[in-house]
Amino acid sequence: MKPVFYAFFLSAFAFSLPVSAQADLKCPELKPKTRQLKVLRMQPLRRGKEWLEGQPKNTNSVSCDLYGMKTEEAEYDGKNLVLKHAYVYAEKDEARAFCEKRKSAEKLTTTFSDEAQSSVDDFCRKYKKKDFGLVQVFDASPSQARESSRKPVRLVMRLYTKAGFTAEEHAFDPLLNLESVTVYAYDKANNLSEMTVNDFDGRQLRRETWAWNKAAAARTHSVFGETNELRKKTVYEQREDGALRREVRSAYDSGEQPVSRSEVYCDAKGRPEKELVYDADAAEPKYEYTYAYQYDPKGNWTEERRTRVIVFNGNRMKDSQTPPEITKREFIYY
């Protein structure tokens, strides 16, 4: 059965692990559909005046199903495996069967067993009449036990809106204790407008909002902290055809004072060409980055070079001492 999900504004090469489980489960959106994507961040080596790509210092790989959901992911530090996870999805009847197998709906007795008192059973009892899905995350590293005997390292239970989008995600640790609850809100057109991540006791950990300005053809993504203070804001400005024209990223301290700002200018297809980096609310950029790409026959970039340029008294000078940031991508398409 097709998993239910909502598309986030995720970078096509980012593999960070935020608190939001929904963002964790979604593969980068690429065309054509990708069975596997491997992202290698290189350690450049200098030879004379040239920078060679060197060896990978960090590698992330993700395998995806036809619906764009992760089935497996792995991370390497150099050649050393850091983590490897496998994802197993269940919806509606299959998810209910998980609860029934645990006998979650049975009346609690005086027993103090883990299963009788677990947060997962509380969820199963509370939402037994609703449609919900679950995702089991397994440690798939070779050092672990056989696949058939492994226990999830994380469990995510998901509730849906009437339109089929994710309304809530309840994330549980390996002992099935509640870790966090992520709540999603949508506008009338079913565009994601707000996401709030709370801890097991209902305290806010993070809140994110998305706002669309049709007149300016811009979308603003804001990130707030535990006390609802603004920490990050990104404005995406689009061209008439919908391609990204400019991206403005701002960061703030705990007092909501500006710390840094960067402006990313994109080409006609929405790929970064130039990035200006500012200190706090300075009028002039401290330095800038330029981007260069190589592509595969499908039109997806396979190498990105981000090179720093120093800006001094209005003059631009290539920074010959700082190595470029080199990212490579390898694809297996459906």
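Only the coordinates and a few stated rules stand behind these numbers; no lab work does. Note that the structure is predicted; figures quoted are calculated from it, not measured. Virtual Cβ from ideal backbone geometry, glycine too; neighbours counted across all protein chains shown.
Which residues, counting only those in region 272-289, are assigned to a strand (DSSP E or B) and either touching a Phe, Trp or Tyr at 6+ places or on another chain (Cβ under 8 Å) or closer than 17 Å to D319 by Cα (or both)? Within region 272-289, P272, E273, K274, E275, L276, V277, Y278, Y287, E288, Y289 meet the criteria.
Yes/no matrix, rows are residues, columns are (1) aromatic (F, W, Y); (2) surrounded by 14 or more Cβ atoms within 10 Å (Cβ to Cβ); (3) not in a strand (DSSP E or B):
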{"residue": "D24", "(1), (2), (3)": "no, yes, yes"}
{"residue": "L30", "(1), (2), (3)": "no, yes, yes"}
{"residue": "S63", "(1), (2), (3)": "no, yes, no"}
{"residue": "K70", "(1), (2), (3)": "no, yes, no"}
{"residue": "Y76", "(1), (2), (3)": "yes, yes, no"}
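Per the conditions (1) in contact (Cβ under 8 Å) with a residue 24 or more places away in the chain; (2) surrounded by 13 or more Cβ atoms within 10 Å (Cβ to Cβ), the sole criterion not satisfied by I332 is (2). Residues in region 290-303 that are without any contact (Cβ under 8 Å) to a residue 24 or more places away in the chain and either surrounded by 14 or more Cβ atoms within 10 Å (Cβ to Cβ) or touching a Leu at 6+ places or on another chain (Cβ under 6 Å) (or both): T290, Y291, Y293.
Right, S222: buried (at least 17 other Cβ atoms within 10 Å of the Cβ), touching a residue at least 12 places away in the same chain (Cβ under 8 Å) and farther than 21 Å from T161 by Cβ or not? Even if it seems obvious, please write down each step before you answer.
On the way: buried (at least 17 other Cβ atoms within 10 Å of the Cβ): yes; touching a residue at least 12 places away in the same chain (Cβ under 8 Å): yes; farther than 21 Å from T161 by Cβ: yes.
Considered against the rule, which asks whether it is buried (at least 17 other Cβ atoms within 10 Å of the Cβ), touching a residue at least 12 places away in the same chain (Cβ under 8 Å) and farther than 21 Å from T161 by Cβ, S222 comes out as yes.
Which numbered condition trips up A251, out of (1) touching a Lys or Arg at 6+ places or on another chain (Cβ under 6 Å); (2) more than 27 Å from L192 (Cβ to Cβ); (3) not aromatic (F, W, Y)? With (1) touching a Lys or Arg at 6+ places or on another chain (Cβ under 6 Å); (2) more than 27 Å from L192 (Cβ to Cβ); (3) not aromatic (F, W, Y) applied to A251, the lone miss is (2).
Cβ-Cβ contacts under 7 Å between residues 6 or more apart (or on different chains), taken from a first residue in region 238-250 that is surrounded by 14 or more Cβ atoms within 10 Å (Cβ to Cβ) to a second residue that is not in a strand (DSSP E or B), are listed as Q238/A217; L244/G270; R245/R239.
Within region 243-262, can you find the residues that are in a strand (DSSP E or B) and closer than 23 Å to G225 by Cα?
Residues of region 243-262 in a strand (DSSP E or B): 244-252, 258-262.
Once the filter is applied, which keeps residues that are in a strand (DSSP E or B) and closer than 23 Å to G225 by Cα, region 243-262 yields E247, V248, R249, S250, A251, Y252, P258, V259, S260, R261, S262.
Pairing residues of region 304-319 that are closer than 19 Å to P44 by Cβ with residues that are among the small types (G, A, S), at Cβ distances under 6 Å and at least 6 apart in sequence or on separate chains, gives R305/A292.
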